[in-house]
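What follows is a single structure, written as structure tokens, with notes after it.
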Amino acid sequence: MANPVLVEVTRGTMVESRHRGTVVAVDGAGKVLFSAGAIDHLVFPRSACKAMQALPLVESGAADHYGFGDRELALACSSHNGEPEHADLADAMLARAGRSVEDLECGAHWSFQQETLIRQARAMDKPTALHNNCSGKHAGFVCTCAHAGEPVAGYVGYDHPLQREIRATMESLTGALITHDVCGVDGCSIPTYAVPLQGLAHGFAKMATGEGLAPERAKAARRLMAACMAEPFYVAGTRRLCTEIMALAPGRIFAKTGAEGVFCAALPQEGIAIALKCEDGTTRAAEAMVAATLARFLRHDDTLFAALMAKANHTMRNWNGIAVGDVRVTQALMD
């Protein structure tokens with residue numbers, strides 16, 4: 001059975017593009033509160049699960065040992081723009097562990113955001129690994145290894161002790177059996193594991209509520225989510241939806257995007273978490289989907305509901321500022 005069309009893009013009076021997808025919202029016990037599409041299908045969470053991957057940084061004691069606060073923890077969960085504040089903080093995190101950019105194994109790339117890229121190109125010959133959108137996560141990995149006395153070199157490898165720990169952590173949170181058969185390589189070179197979308201949502205619901213988690217893991221999960229919500233700029237950056245959604249309601253919404261149209265989010269006060277996948281991997285559709293899905297659980301807050309729906313349904317303009325069409329969610333997300 002085909003996944004439903006969840007987002008349409010219009011041009012003039014016509015629907016120009018349609019985006020199919022799947023979305024699920026669950027509570028801490030795993031009860032499905034809303035769903036659309038095949039929620040049992042395997043998806044690669046990609047960067048949407050970075051808060052799960054950052055748990056060893058806190059649970060190992062490395063975050064406390066190096067004196068990391070909300071900004072550092074948010075950056076460890078981030079897919080940032082490579083803006084100066086992001087690169088500088090990643091560098092500072094490494095320095096606290098006596099390490100440097102040379103220890104990062106994520107690779108280097110220019111910022112994906114046009115304005116930041118232009119500034120970078122004017123100021124440097126080439127980017128470094130600090131500008132990689134995953135440098136915060138990798139800085140956290142390096143610090144975790146350094147604190148635990150594990151080898152830093154090769155920390156991205158499938159059989160490295162840190163990656164084994166992350167794999168076990170994700171199995172525990174999602175309830176999925178993670179084997180080599182469902183393993184791929186992410187853009188930043190670490191292993192990425194396909195899990196059922198429903199299990200991914202349940203993992204974030206556990207992190208948001210602490211339900212079903214040992215006390216130390218529940219504490220670490222709350223700390224990471226709280227850090228992201230307190231410092232949303234360090235989770236993404238200027239004009240990024242993760243940052244903008246969390247800034248709409250400080251301390252109430254956690255949101256994290258991943259490549260290929262994946263998004264995860266949580267409402268800790270409501271005890272709800274969301275995971276979704278735009279089938280064709282389009283970011284614009286995934287962003288509309290997550291905004292609308294969050295909004296359906298915040299109808300009691302008229303202002304926040306309206307602000308989220310304005311993110312879900314919005315007008316597209318060309319380079320002259322002329323309205324040319326709309327991005328809009330379908331009734332399948334609103335019923």
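The values are calculated or read from the model by the stated rules, or taken from the named source; none is laboratory data. Since we're looking at a predicted model, the values are computed, not measured. Note that we place each Cβ from the backbone using ideal geometry, even for glycine, and neighbour counts take in every protein chain shown. The area values use the complete protein model at the heavy-atom level, side chains included, leaving out ligands, DNA and RNA. Shrake-Rupley method; radii C 1.70, N 1.55, O 1.52, S 1.80 Å.
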Name the residue from 146, 43, 104 whose Cα lies farthest towards the positive end of the charge dipole of segment 1-159, charges +1 on Cβ of Lys and Arg and -1 on Cβ of Asp and Glu.
43
With a 10 Å radius around each residue's Cβ, average the other Cβ atoms per peptide and rank 236-244, 109-117, highest first.
236-244, 109-117
Can you pull the three principal axis extents for the Cα set of segment 1-147, in Å, largest first?
54, 45, 22
Please give the Cα centre distance for segment 213-231 versus segment 124-147, rounded to the nearest Å.
22
I'd like the distance separating the alpha-carbon centroids of segment 41-62 and segment 63-121, in whole Å.
17
At 1.4 Å probe size, with the rest of the protein present, what percent of the exposed accessible area of segment 241-335 is carbon and sulfur atoms?
51
Alpha-carbon Debye profile of segment 153-279, log10 I(q)/I(0) at 0.10, 0.13, 0.19 Å⁻¹
-0.33, -0.57, -1.20
Gyration tensor (Cα) of segment 33-90, equivalent ellipsoid semi-axes in angstrom:
29, 16, 9
Please identify every one of the trypsin sites (Lys or Arg not before Pro) in segment 266-306 that sits in a loop by DSSP and has no more than 14 other beta carbons within 10 Å of its own beta carbon.
299
Starting from the exponent 0.38 and prefactor 2.2 Å, build the expected Rg for segment 99-202 from its residue count and divide its actual Cα Rg by it.
1.24
Counting sequence-distant residues (5 or more places) and residues on other chains, those with an amide H built under 5 Å from that of residue 324 are 316, 317, 318
Could you state the accessible area per residue of the chain in Å², with a 1.4 Å probe and every protein chain left in place?
41
Cα Rg, Dmax, the chain, angstrom units:
19.2, 62
Quick one: the Cα spread of segment 205-318 along its three principal axes, in angstroms, biggest first?
51, 31, 25
Heavy atoms only, 1.4 Å probe, whole protein assembly: order 156, 185 by accessible area, highest first.
185, 156
Lys, Arg +1 and Asp, Glu -1 on Cβ, resulting dipole of segment 5-333 about Cα centre, debye, nearest 20:
680
